[in-house]
Amino acid sequence: MPDKLHVHLPYRLLDRYLPFILEHRLQPEIAFLADDFAQPIDAALQQLARELSSAGLSATVHAPFMDLNPGALDPLVRDATLIRYQQTLDAAATLGATVVVFHPGYDRWRYGGQSRLWIDQSLKFWPPLLRRAEQQQIRMALENIFEEEPTSLTDLVTEIDSDWLGHCFDTGHWNLFGQSSLPEWLSALGARLFHLHLHDNFGDRDAHLPVGAGQIDFPLLFAWLCRNQVNPSMTLEAHSQELLLRSRSAALALISGNTPERHP
């Protein structure tokens, strides 16, 4: 699993943090914003791919998400989302990434609990991207955000039934919004669990604490992965260098089957 461990890195901060990434041999998850695609970046991505390859490192990718929704009822919103997602897949292909994380866009409060409205639009949205993803050998993972239970996500992925579309389980979002237990949620995702976002909190805000610094039962998570022989890639989402290194230490201990020390 250590070779599947990545760290969150916004593309706009690449110049600032790439030396730190290379020094500590951290594999980045490059997070794009829509503005990052306002001008051609292919040459810069090719250079980044060469630097990572020379260091023996790989990347995953996080797509833009603000204002985007693949299940939107407004076709203009879906069209804008499709353009950004196509740009993201092309960027991921240039980087040689094999996983791209997308926000699904569903919020039961905005849809009045009618998840079927969102699912029906999403079923129309994903097939062109799936064809592109298969050509580029990139798996797409839908991340839980505001979902209180996994049904809307699992129904969509099950109905599409593609090897190229699965789930990204975000531990912090689950602890904030999820109403299903950790084992129940993981069991619902099953073998379609492609990727993890690992960060901690106390259930009051999206604090992005290091693994083990909040209330999430990470030993239970890793025991479930081991018991069920599910081997996703994963990304640490910490918002400072110090917290990132603490989180990596804790994650590596869990990957090795040990329980890390807890820190406030």
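The values are calculated or read from the model by the stated rules, or taken from the named source; none is laboratory data. Source: prediction; values computed, not measured. Ideal geometry is used to build each Cβ from the backbone, glycine not excepted, and the neighbour counts take in all protein chains shown.
See the values below:
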item	result
Any chance residue 84 is loosely packed, with under 13 Cβ neighbours inside 10 Å and of a type outside the set (Gly, Ala, Ser)	no
Subset tally (residues that are of a type in the set (A, V, I, L, M, F, W, C), touching an Asp or Glu at 6+ places or on another chain (Cβ under 6 Å) and not in a loop (DSSP other than H, G, I, E, B)) for the range 205-254	1
Candidate set: the range 27-47, residues that are buried (at least 21 other Cβ atoms within 10 Å of the Cβ) and not aromatic (Phe, Trp, Tyr); chosen: the one nearest to residue 99 (Cα to Cα)	29
Unmet criterion (only one of (1) free of Cβ contacts under 8 Å to residues at least 12 places away in the same chain; (2) out of contact with any helix residue (DSSP H, G or I) (no Cβ under 8 Å at 6 or more places or on another chain)) for residue 141	(1)
Flag if residue 174 is under 19 Å from residue 70 (Cα atoms) and not β-branched (Val, Ile, Thr)	no
Residues (within 14 Å of residue 48 (Cβ to Cβ) and in contact with a helix residue (DSSP H, G or I) (Cβ under 9 Å, 6 or more places away or on another chain)) located in the range 1-23	9, 10, 11, 12, 14, 17, 18, 21, 22
Sole residue being among the acidic types (Asp, Glu), under 20 Å from the mean Cα position of the chain (by Cα) and closer than 19 Å to residue 165 by Cα, chosen from 107, 67, 120, 90	90
Residue within the range 183-204 that is assigned to a helix (DSSP H, G or I), out of contact with any Ser or Thr (no Cβ under 6 Å at 6 or more places or on another chain) and among the hydroxyl-bearing types (Ser, Thr, Tyr) present	yes
Scan of the range 161-185 for residues that are at negative phi and surrounded by fewer than 16 Cβ atoms within 10 Å (Cβ to Cβ), ordered by number	163, 179, 181, 183, 184
For residue 234: the one exception among (1) closer than 11 Å to residue 169 by Cβ; (2) at pLDDT below 95; (3) aliphatic (A, V, I, L, M)	(2)
Residues satisfying the stated conditions in the range 27-62, i.e. in contact (Cβ under 8 Å) with a residue 40 or more places away in the chain and within 24 Å of residue 245 (Cα to Cα)	29, 30, 32, 48, 49, 52, 53, 58, 59, 60, 61, 62
Selected residue (criterion: nearest to residue 208 (Cα to Cα)) from residues of the range 149-163 that are part of a helix (DSSP H, G or I) and touching a strand residue (DSSP E or B) at 6+ places or on another chain (Cβ under 9 Å)	153
Residue within the range 118-132 that is more than 30 Å from residue 176 (Cα to Cα) and of a type in the set (Asp, Glu) present	no
In the range 6-28, the residues that are of a type in the set (Val, Ile, Thr) and assigned to a helix (DSSP H, G or I)	21
